[in-house]
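*Asks:* Please read through the structure below; I'll follow up with questions.
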Amino acid sequence: MTADVGTPPADRTGASVDTSARTIGVGLIGAGAISTQHLEALDAIPGARIAGVASASADKARAAGERWNVPWTTDIDELLAREDVDVVAIATPSGLHPGQALAALRHGKHVLVEKPIALSNVDAREVVEEARRRGLVAGTVSQRRFEPVVRAVRDAVAEGAIGRVSIVVAEGFYLRPQSYYDSAAWRGTIDLDGGVLMNQAIHTIDLLRWIGGPVASVAANVATIGHRMEAEDTATVSLRFASGALGAILATTCAETERPTELRIHGDSGHIRLVGEDVAEWAVPDRERPVADTKAGAVGIAAATATWGTNAVGYVRQYTDFLEAIRDGRAPAVTAEDGAAAVEIVLAAYESSRTGAAVAIGGGAA
C-alpha cells in the first residue's frame with residue numbers, strides 16, 4: 001500500500017498547501033544525538049529549510065535552535081501549528097514515534113520518522129493508515145537503501161543476475177558499552193527503545209526484506225547477555241522468505257569492537273558479499289563490480305561527522321528523495337509501510353523467542 005499523494009496536502013485548517021514550487025520547511029522533533037545528522041542534511045539540500053526544532057529538553061532545543069539560527073520550542077504543538085512547517089521529522093525515543101507521527105499527520109504535515117516507526121504492529125499500521133487517509137507522504141528512515149553499492153546489489157538480485165536465491169545472511173556485531181544504555185533512562189527499555197533488533201539491526205532487517213523479498217515466517221532466540229537493560233542485546237533470527245529462500249540474522253551489541261555489518265546473498269549462479277558499504281565478493285556474471293562512493297548524492301557533507309557510525313550522507317540522500325516525493329506527488333523510496341513491515345519482523349522474532357515456535361507474518365510488498 002502506498003500513500004495517495006496525487007493532490008496537494010491539506011494544512012491543519014483544511015486549506016491546500018502547494019509545495020511544488022517553493023522551499024519545503026522541515027520541523028524536527030527531538031534534539032538528541034541523531035538530530036545532528038538530520039539538521040546537517042537539511043542544511044545541505046537546496047530547496048529544504050529547517051523551520052524549527054522541538055525537544056522536551058529546553059537546553060537541547062535552545063542549543064539546536066541557536067546552532068542553526070531557527071526557532072526552537074519545548075512545546076511540540078507549537079511546532080506543529082507553524083504554517084511554515086510542511087514536513088515533520090521525528091527523532092525522539094522510539095516509543096514516542098507513533099504518537100508524534102499521528103499528531104503531525106493530523107496537523108496536515110508530511111512525516112519522516114526515525115527507525116523504528118513504532119514499537120507495536122498496531123501503532124505502525126495506524127501511522128500508515130492515517131497518512132493514507134489524509135493523502136500525506138509518510139516514510140521511515142532507512143538511509144542504507146540509498147548507498148550506491150546497496151542499490152547495485154538489490155538490482156542484481158531483483159534482475160536475476162545471480163540466479164535463484166537460496167540464502168541471505170546478515171551479521172551486525174555492534175559495540176555499545178554499558179555507558180550507552182546508562183546515558184538516558186529510556187535506552188534499552190522495552191516501552192521506549194527496544195534492543196539490538198529494534199534499534200541497531202532494524203536497518204539490516206529492512207535491507208534483507210528489500211533485497212530478499214517478502215518474509216513469510218520468523219524463528220528466533222533473543223537474550224540479554226552483556227548489559228544491564230530490559231531489552232535484548234543479542235539475537236539469532238531465522239527467516240523464510242515468500243520466495244522459498246532462507247535467511248539469517250546474527251546481531252549483538254556485546255561485540256569486543258564495532259564491525260561493519262555484513263550481508264551475504266547466494267544464488268545458483270552467483271553470490272555477493274557486502275561489508276559495510278564495500279563489496280568484498282562479487283561473483284555476478286556479466287556485471288561489473290560496483291565501487292563504493294561514500295559521497296555520492298551528498299556533496300558538502302563531512303563523512304567524518306558521525307554518531308555511532310552514522311553520518312549525514314545517507315540522510316541527505318533520503319531527505320532528497322522524500323522531498324522530491326512530496327513535490328512529485330508520489331510515494332517515497334522508503335515508505336511508512338516499509339517501516340511497519342520491518343517492525344513486524346522484529347516483533348515476530350520476539351514472539352518466536354518467547355514461545356519457541358516459528359511465527360507466520362504478513363510480510364507486505366517488497
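The values are calculated or read from the model by the stated rules, or taken from the named source; none is laboratory data. Please read all numbers here as calculations on a predicted model, not as lab measurements. Using ideal geometry, Cβ is built from the backbone for each residue, glycine included, and neighbour counts are taken over all protein chains shown.
*Asks:* Which residue, of D206, D191, D155, D182, is closer than 22 Å to P93 by Cβ, of a type in the set (D, E) and over 19 Å from the mean Cα position of the chain (by Cα)?
*Replies:* The conditions single out D182.
*Asks:* Can you tell which of V53, V70 is assigned by TED's automatic domain parsing to the domain that holds A89, among the aliphatic types (A, V, I, L, M), within 22 Å of the chain's Cα centre (by Cα) and more than 21 Å from S142 (Cα to Cα)? Walk me through it before giving the result.
*Replies:* Details: V70 fails: within 22 Å of the chain's Cα centre (by Cα).
Selected residue: V53, the only one of V53, V70 that is assigned by TED's automatic domain parsing to the domain that holds A89, among the aliphatic types (A, V, I, L, M), within 22 Å of the chain's Cα centre (by Cα) and more than 21 Å from S142 (Cα to Cα).
*Asks:* Please determine, by comparing only the residues of the range 34-67 that are of a type in the set (S, T, N, Q) and outside any loop (DSSP other than H, G, I, E, B), which one is nearest to V85 (Cα to Cα).
*Replies:* Let us first name the residues in the range 34-67 that are of a type in the set (S, T, N, Q), namely 35-37, 55, 57.
Going one step further and asking which of them are outside any loop (DSSP other than H, G, I, E, B), we end up with 35-37.
Details: S35: 17, T36: 19, Q37: 19 Å.
Ranking the qualifying residues of the range 34-67, first place goes to S35.
*Asks:* Could you list, ordered by first residue, the pairs with Cβ atoms under 9 Å in which the first is in the range 91-119 and on the phi > 0 side of the Ramachandran plot and the second is at pLDDT below 95 and charged (D, E, K, R), at least 6 apart or interchain?
*Replies:* G108/D11; G108/R12
*Asks:* Let me ask you something else. Give the residue, chosen from W210, W186, that is in the same structural domain as A245 (by TED's automatic domain parsing), touching a residue at least 24 places away in the same chain (Cβ under 8 Å) and buried (at least 20 other Cβ atoms within 10 Å of the Cβ). Give the steps one after another, and end with the answer.
*Replies:* Working: W186 fails: buried (at least 20 other Cβ atoms within 10 Å of the Cβ).
Answer to the check: W210.
*Asks:* Here are some conditions: (1) assigned to a loop (DSSP other than H, G, I, E, B); (2) modelled with pLDDT of 95 or more; (3) within 22 Å of V149 (Cβ to Cβ); (4) over 16 Å from the mean Cα position of the chain (by Cα). A333 meets all but one. Which one does it not meet?
*Replies:* (4)
*Asks:* Can you say whether T253 is farther than 27 Å from A333 by Cβ, in the same structural domain as Y174 (by TED's automatic domain parsing) and buried (at least 23 other Cβ atoms within 10 Å of the Cβ), as far as the supplied structure shows?
*Replies:* Working: farther than 27 Å from A333 by Cβ: yes; in the same structural domain as Y174 (by TED's automatic domain parsing): yes; buried (at least 23 other Cβ atoms within 10 Å of the Cβ): yes.
So T253 fits the description; yes.
*Asks:* Residue check, E258 against (1) touching a strand residue (DSSP E or B) at 6+ places or on another chain (Cβ under 9 Å); (2) over 22 Å from A44 (Cα atoms); (3) modelled with pLDDT of 95 or more; (4) among the acidic types (D, E), all met but one. Which one?
*Replies:* Looking at each condition in turn, E258 falls short on (3).
*Asks:* Taking the stated definitions as given, is G135 under 15 Å from T335 (Cβ atoms), in contact (Cβ under 8 Å) with a residue 24 or more places away in the chain and surrounded by fewer than 18 Cβ atoms within 10 Å (Cβ to Cβ)? First the steps, then the outcome.
*Replies:* Working: under 15 Å from T335 (Cβ atoms): yes; in contact (Cβ under 8 Å) with a residue 24 or more places away in the chain: yes; surrounded by fewer than 18 Cβ atoms within 10 Å (Cβ to Cβ): yes.
Criteria met by G135.
*Asks:* Tally time: how many residues in the range 227-239 are buried (at least 18 other Cβ atoms within 10 Å of the Cβ) and assigned to a strand (DSSP E or B)?
*Replies:* Narrowing the range 227-239 to residues buried (at least 18 other Cβ atoms within 10 Å of the Cβ): 227, 229, 231-235, 237, 239.
Okay, now just the ones that are also assigned to a strand (DSSP E or B), so 234-235, 237, 239.
The total comes to 4.
*Asks:* Quick one: in the range 129-175, of everything that is under 29 Å from Q100 (Cα atoms) and out of contact with any Lys or Arg (no Cβ under 9 Å at 6 or more places or on another chain), which residue is modelled with the lowest pLDDT?
*Replies:* Step by step, filter the range 129-175, then rank; the result is R144.
Table: residues versus (1) modelled with pLDDT of 95 or more; (2) surrounded by fewer than 21 Cβ atoms within 10 Å (Cβ to Cβ); (3) touching a helix residue (DSSP H, G or I) at 6+ places or on another chain (Cβ under 8 Å).
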{"site": "G52", "(1), (2), (3)": "yes, no, yes"}
{"site": "A58", "(1), (2), (3)": "yes, yes, no"}
{"site": "A61", "(1), (2), (3)": "yes, no, no"}
{"site": "A64", "(1), (2), (3)": "yes, no, yes"}
{"site": "R67", "(1), (2), (3)": "yes, yes, yes"}
{"site": "D75", "(1), (2), (3)": "yes, yes, no"}
{"site": "A89", "(1), (2), (3)": "yes, no, yes"}
{"site": "P98", "(1), (2), (3)": "yes, no, yes"}
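*Asks:* For the subset of the range 158-176 comprising residues that are at negative phi and more than 23 Å from the chain's Cα centre (by Cα), which member is surrounded by the fewest Cβ atoms within 10 Å (Cβ to Cβ)? Break it down into steps so the answer makes sense when it comes.
*Replies:* Residues of the range 158-176 that are at negative phi, as a first pass: 158-159, 161-162, 164-176.
Restricting the remaining residues to those that are more than 23 Å from the chain's Cα centre (by Cα) gives 159, 161-162, 164-167.
Details: E159: 9, A161: 17, I162: 23, R164: 12, V165: 23, S166: 15, I167: 16.
So the residue we want is E159.
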